[in-house]
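These notes are about the structure you will find just below.
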Amino acid sequence: MNILITGGAGYIGSVLAPHLLHAGHEVTVLDNFLFGQATLLDCCKHEGFRVVRGDCRDEALVRPLLAKADAIIPLAALVGAPMCSADAIGARTINQEAVEMLCRLASPAQRILMPVTNSGYGIADKGKVCTEESPLRPISLYGTTKVAAEQAVLARSNSLTLRLATVFGLSPRMRVDLLVNDFVHRAITDRAVVIFEGHFKRNYVHIQDVCRVFAFGLENFEKMKGRAYNVGLDDANLSKLELCAVIRKHLPKFTFLEAPVGEDPDKRDYIVSNQRLLSTGFATEWSLDRGIQELIKGFTILRNARYSNV
Ligand SMILES: NC(=O)c1ccc[n+]([C@@H]2O[C@H](COP(=O)([O-])OP(=O)(O)OC[C@H]3O[C@@H](n4cnc5c(N)ncnc54)[C@H](O)[C@@H]3O)[C@@H](O)[C@H]2O)c1
């Protein structure tokens, strides 16, 4: 298949693009390389790889790229609540309007597979297990724009969306602002973490399983289309304190404390069911333990010593 990935040089895209190339697909990435990231270099050897530096909001640029695509994976976004509040216009135009434009320009036969955050479930009724039918009530601009984009995608035929848990694992465009990556990074560099609202439950999924689920969605598109799917580890609906305890199994010198004051800004406290995805035959392969072992190796390589001697 010929696949167009917008934002394909980001944390997820930099692992997904080579994954899809290895699976035999042709991949075109459109990205503005917002972070000056030097990712995707390993993809350039593939004849079926094409990269375009540009803005996903630029209709004249997107139109001809879209014309060749069998499937579109829109990843380009300002990701996370802090980044969206720092640039509210960028958030609306990139996260929402650019996706609405893709939906408008794509022919009905073209497939769209889009990731969204499931963090909007976080303010659902306490103690309830969230399914895809649970209301998404986003509170941040990030959440609002992603939910609006999802609505546009699911309003057309030949689409599916993947409601991702918090992703963890290594990528050439590394993000240490994601919860598991952040805690493992701190456990290695600081040996300690102070936690706010440590009993709040979250859910997690490894970046390799995210890539596998996109490939699975492409292969099983006819039976999966038209719906949203929660994507997370079913056995890892863990609170932040429980997550820290898992990390300490691997890094015994790690200390974590709960702060008596302070709030989790995004109020996530939820258990998510992944039964809809599991019933399609998809199974995750990357446990938290496996991902933590991977991260420990990665953070041995990645060290920010720019302003210190060690
Ligand atoms: N990482 C997660 O935990 C997670 C969870 C749920 C959903 N998602 C979604 O997955 C997608 C990718 O997230 P990520 O974690 O890889 O984030 P990321 O910030 O690493 O990737 C975003 C990419 O978009 C590019 N980009 C930004 N503005 C652009 C523009 N105007 N034109 C072209 N490219 C632009 C950036 O250069 C970057 O490569 C996003 O849509 C995000 O909402 C991520």
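Overview of values
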item: Selection within the range 194-220 - modelled with pLDDT of 95 or more, more than 10 Å from the ligand (Cβ to nearest atom) and not polar (S, T, N, Q); result: 206, 209, 211, 212, 213, 214, 215, 216, 217, 218, 219
item: Per-region count, the range 178-195, residues touching a helix residue (DSSP H, G or I) at 6+ places or on another chain (Cβ under 8 Å) and not in a helix (DSSP H, G or I); result: 3
item: Among the candidates 240, 249, 223, residue that is at pLDDT 95 or above and under 15 Å from residue 183 (Cα atoms); result: 249
item: Criterion (assigned to a loop (DSSP other than H, G, I, E, B) and under 17 Å from residue 74 (Cα atoms)) met by exactly one of 137, 175, 163, 156; result: 156
item: Pairs with Cβ under 6 Å, 6+ apart, first in the range 17-44 and within 11 Å of the ligand (Cβ to nearest atom), second of a type in the set (Asp, Glu); result: 32/55
item: Any hit, the range 147-167, residues being more than 11 Å from the ligand (Cβ to nearest atom), farther than 23 Å from residue 87 by Cα and modelled with pLDDT under 95; result: yes
item: Strands (runs of 3 or more DSSP E) completely within the range 47-118 that count 1 or more residues being free of Cβ contacts under 8 Å to residues at least 40 places away in the same chain and surrounded by fewer than 19 Cβ atoms within 10 Å (Cβ to Cβ); result: 49-53
item: Residue 21, sole failed condition from (1) touching a Phe, Trp or Tyr at 6+ places or on another chain (Cβ under 8 Å); (2) assigned to a strand (DSSP E or B); result: (2)
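Quick grid of which residues meet (1) at pLDDT below 95; (2) touching a Lys or Arg at 6+ places or on another chain (Cβ under 8 Å); (3) basic (Lys, Arg):
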position: 94; (1), (2), (3): no, yes, no
position: 99; (1), (2), (3): no, no, no
position: 110; (1), (2), (3): no, no, no
position: 114; (1), (2), (3): no, no, no
position: 118; (1), (2), (3): yes, yes, no
position: 123; (1), (2), (3): yes, yes, no
position: 175; (1), (2), (3): no, no, yes
position: 184; (1), (2), (3): no, no, no
position: 190; (1), (2), (3): yes, no, no
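So that you can scan it fast, the table gives a plain yes or no per residue for (1) surrounded by 19 or more Cβ atoms within 10 Å (Cβ to Cβ); (2) part of a loop (DSSP other than H, G, I, E, B); (3) within 23 Å of the chain's Cα centre (by Cα):
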| position | (1), (2), (3) |
| --- | --- |
| 212 | yes, no, yes |
| 217 | yes, no, yes |
| 238 | yes, no, yes |
| 262 | no, yes, no |
| 280 | no, yes, yes |
| 285 | no, yes, yes |
| 305 | no, yes, no |
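Quick grid of which residues meet (1) closer than 30 Å to residue 258 by Cα; (2) touching an Asp or Glu at 6+ places or on another chain (Cβ under 7 Å); (3) surrounded by 24 or more Cβ atoms within 10 Å (Cβ to Cβ):
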site	(1), (2), (3)
152	no, yes, no
167	yes, no, yes
181	yes, no, yes
189	yes, no, no
200	yes, yes, no
206	yes, no, yes
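The values are calculated or read from the model by the stated rules, or taken from the named source; none is laboratory data. Small disclaimer: the values here were computed from a predicted structure and weren't measured. Cβ: placed from backbone, ideal geometry, glycine included. Neighbour counts: every protein chain shown.
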